[in-house]
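Scroll down for the structure; my scribbles are underneath it.
The values are calculated or read from the model by the stated rules, or taken from the named source; none is laboratory data. Everything numeric in this text was worked out from a predicted model, so none of it was measured. Ideal geometry is used to build each Cβ from the backbone, glycine not excepted, and the neighbour counts take in all protein chains shown.
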Amino acid sequence: MAKKSKTQRAKASAARAARKAQALEAESAAVEAKDIAEADAAAEPKKRFFKKADKAETPAANKQDKGKIEKKAEKKVESKPKKRRFGFLKDVRAEMKRVTWPTKKDVLRWSVVVVAALLFFGVYVALLDNVIITPVLVGISSLGA
């Protein structure tokens, strides 16, 4: 594996720091959402199955409670992370930018190495087959006589 340059290391470090900050923000948003949910649960009156609701509740008090609940609901909506459409494709694009691509010279050099290796092993197998293996098999089986 090739050694990373200073620029690549700096970019990787900055990316890690950004991911940590994003994770912390998401965690704090989750904690806030949990706190809001707990507050909603505590503010909600307990349901009674066989008794009538307390007479202390008035329609004006209900309107104020509804207003508070709506504000909390708006906060919940804001704290949710946005849906990431095409997030996979964006990640692929970002990853492709990080790839260290070979130079034209490297591609040409390694292509020549591959073609030379193919030619060498092709000739080797052909000679092995026609000069050594086939005569030995014909001699053993005595089909050539």
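A few comments on the model shown:
- Screening Val138 with (1) part of a helix (DSSP H, G or I); (2) modelled with pLDDT of 90 or more gives one miss only, at (2).
So that you can scan it fast, the table gives a plain yes or no per residue for (1) modelled with pLDDT of 90 or more; (2) among the small types (Gly, Ala, Ser); (3) closer than 30 Å to Lys6 by Cβ; (4) surrounded by 10 or more Cβ atoms within 10 Å (Cβ to Cβ):
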{"site": "Ala30", "(1), (2), (3), (4)": "no, yes, no, yes"}
{"site": "Ile36", "(1), (2), (3), (4)": "no, no, no, yes"}
{"site": "Ala42", "(1), (2), (3), (4)": "no, yes, no, no"}
{"site": "Asp91", "(1), (2), (3), (4)": "yes, no, yes, yes"}
{"site": "Val107", "(1), (2), (3), (4)": "yes, no, yes, yes"}
{"site": "Ala117", "(1), (2), (3), (4)": "yes, yes, no, yes"}
{"site": "Tyr124", "(1), (2), (3), (4)": "yes, no, no, yes"}
{"site": "Leu127", "(1), (2), (3), (4)": "yes, no, no, yes"}
